[in-house]
1. Kindly provide the set of residues from region 235-254 that are touching a helix residue (DSSP H, G or I) at 6+ places or on another chain (Cβ under 7 Å), closer than 18 Å to L314 by Cα and either in a loop (DSSP other than H, G, I, E, B) or of a type outside the set (K, R) (or both), ordered by number.
2. Only one of (1) of a type outside the set (F, W, Y); (2) open to solvent by 60 Å² or more (accessible area, probe 1.4 Å); (3) modelled with pLDDT under 95 is not met by L442, so which one is it?
3. Would you check which residues across region 502-532 are open to solvent by less than 40 Å² (accessible area, probe 1.4 Å), over 16 Å from V35 (Cβ atoms) and not small (G, A, S) and list them?
4. Taking region 117-151 as the region of interest, how many residues are within 19 Å of the chain's Cα centre (by Cα) and without any contact (Cβ under 8 Å) to a residue 60 or more places away in the chain?
5. Could you list, in sequence order, the residues of region 218-234 that are surrounded by 11 or more Cβ atoms within 10 Å (Cβ to Cβ) and not in a helix (DSSP H, G or I)?
6. Check every one of the strands (runs of 3 or more DSSP E) wholly within region 423-532 and list those with 2 or more residues that are more than 25 Å from the chain's Cα centre (by Cα).
7. I want to confirm something. Restricting to region 30-77 and keeping residues that are among the basic types (K, R), open to solvent by 50 Å² or more (accessible area, probe 1.4 Å) and under 16 Å from V505 (Cβ atoms), which single residue is nearest to the chain's Cα centre (by Cα)?
8. Would you tally the residues in region 297-340 being of a type in the set (D, E), touching a residue at least 40 places away in the same chain (Cβ under 8 Å) and part of a helix (DSSP H, G or I)?
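The values are calculated or read from the model by the stated rules, or taken from the named source; none is laboratory data. Small disclaimer: the values here were computed from a predicted structure and weren't measured. As a convention, Cβ positions derive from the backbone with ideal geometry for all residues, glycine included, and neighbour counts pool all protein chains shown. Ligands, DNA and RNA are stripped out before the accessible areas are found, and what is left, the full protein with its side chains, is counted by its heavy atoms. Shrake-Rupley method; radii C 1.70, N 1.55, O 1.52, S 1.80 Å.
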Amino acid sequence: MKQTQKIQRLVTTMVCSLVAMTSVAQTATGRPKLVVSIMVDQLRTDYVEYLQSLFTEQGFRRLMKQGAYLRDVDFRPAGLDIVSGTALVYTGAMPNASGVAASEAYNPQTLKREATLNDPAAIGNFTTATYSPRALALSTFSDEIMIDGAGLGLVYSIATDPQQAIVMASHAGTGALWLNPSDGRWSTSTYYKQALPTTVTDLNYRRPLSQRIDTMQWKPLLADLNRYPGIPSQKRRYPFRYTFPSTGRDTYRMWAASPKANEEVTSLAIEYLRSLQLGRRGDAIDMLNVGLTAAPFKYVKDGDYRLELEDTYLRLDRELARLLNAIDKTTGLSNTLIFLSSTGYYNNATADDPKYQIPSGDFSAKRALSLLNAFYTSRHGSGNYVVAFDRGQFHLNRALFEQKGLDTDAEAREGKLFLQRMSGVADAWTLSELLTASDADLAALRLSINPKTAGQIIIAVQPGWNLIDDTVYPSVVTPVRDCAVMTPAFILGPGVEAVTIGTPVDAAALAPTVTGILRIRSPNGAKEKPLF
């Protein structure tokens, strides 16, 4: 009898142990209920590590210590911007394949430069702008999350930039929210069938940014300016202070480029988490995409933005802490996959002061376009041979060349040789040369070009010079620097081990890594394997 009781107790113990082990296994292998994807424009690894002693424990430090910290994400294409960089991360494909090579592209039908995601068929809500993701040629991990849940999940995005918001919500998303730069209202597109959440419409009507913006100011977060490392004494003696007058022409753009925009976006994200019950509604995975900025503040008054940039990172850390704490209090960090990435490029805000005598100059796109057109006129008679300039690309008038019985590719080669002799041009190529070249040095440029929208001649401006696009108003001045910048990514969530990866990681592997953790398909154009 006693022997029988011993055996029964042993069996009971084994069964209980197996149940416990099964429960642990289910917890360990269970998928997250919520994905929060955060894209930080122009985030740099060196600044994150340089300033981490001033960060809180709940922001960047938590991501670095508790999750996977990828120190060196390699964004291979040249000339990325906030839209093309975001599209690369979300599709896992290069700009030459994603359909989004830049925020703008030349439209040969309208003979104008337009937003890449411009779509006249999509009506704006709280905006006259028309955007949709139809030009995005590939699926994103946002799409794959929605498909995995058979359309039952919710996928929202919030960003100040409209096209970044749309790329993040993508084709199958529930809704995309962005800032209208004309009046400061939060806007969306009728492409997304889900109406704006009530909290957003209430904000637009009852507490619009236009009624609050002139009460906001941005000044150093730390009272003791000596705590900001590497700042010259004159910057510590005269700290910055920015206000945002409601009547200014660029007020909303200036505000969107400041840390004040990060605060507003984070508050909206937290409200989405609370009011929409994201990650707490059922079995399907929900997703919240958030666009923040760590870009140099181009509205600096003295040309030196170092103090503003360091302060931006400190404030960004606190907004991340606020968002992560809100996730923990609602859905729970144990049920959430956090993904944070840079957009993979860095655009210096200002040119060097002439007093330092760095070799420099101004390359005028309007003058170069005029001279190139005059070159063709001298060869073939009067005509409008060059129709547009766009981000270093000259668009030739194919119809006119064909009308005159000329080979456009041959004329592009002649135009390339003409431009190569121009001051400020480091090199020039035809589109055909770039697409067929096997030179590894040209790979970054080749990956950045969409053959369907690119110009026939592409130039590189000499580093140190200013590329002045005066074919548009107001003119856009871009200081040219050809420097490598390390950009980071962070992944925190169930099943993700705490690890720091210092070796370079291809940015195209980020999307497959996220979908791999979620155990769903990779985006349809993602060729890289998951990291884990």
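1. P239, F240 - these are the residues of region 235-254 that are touching a helix residue (DSSP H, G or I) at 6+ places or on another chain (Cβ under 7 Å), closer than 18 Å to L314 by Cα and either in a loop (DSSP other than H, G, I, E, B) or of a type outside the set (K, R) (or both).
2. Failed condition: (2).
3. Residues satisfying the conditions are V505, D506.
4. The number of residues fulfilling the criteria is 7.
5. So the first thing to find is which residues in region 218-234 are surrounded by 11 or more Cβ atoms within 10 Å (Cβ to Cβ), and the list is 218-222, 225, 227-229, 231.
Within region 218-234, W218, K219, P220, L221, L222, Y228, P229, I231 qualify.
6. Values: elements: 425-430, 457-461, 466-469, 476-479, 487-492, 499-501.
The strands (runs of 3 or more DSSP E) meeting that bar are 425-430.
7. Ranking the qualifying residues of region 30-77, first place goes to R76.
8. Count: 5.
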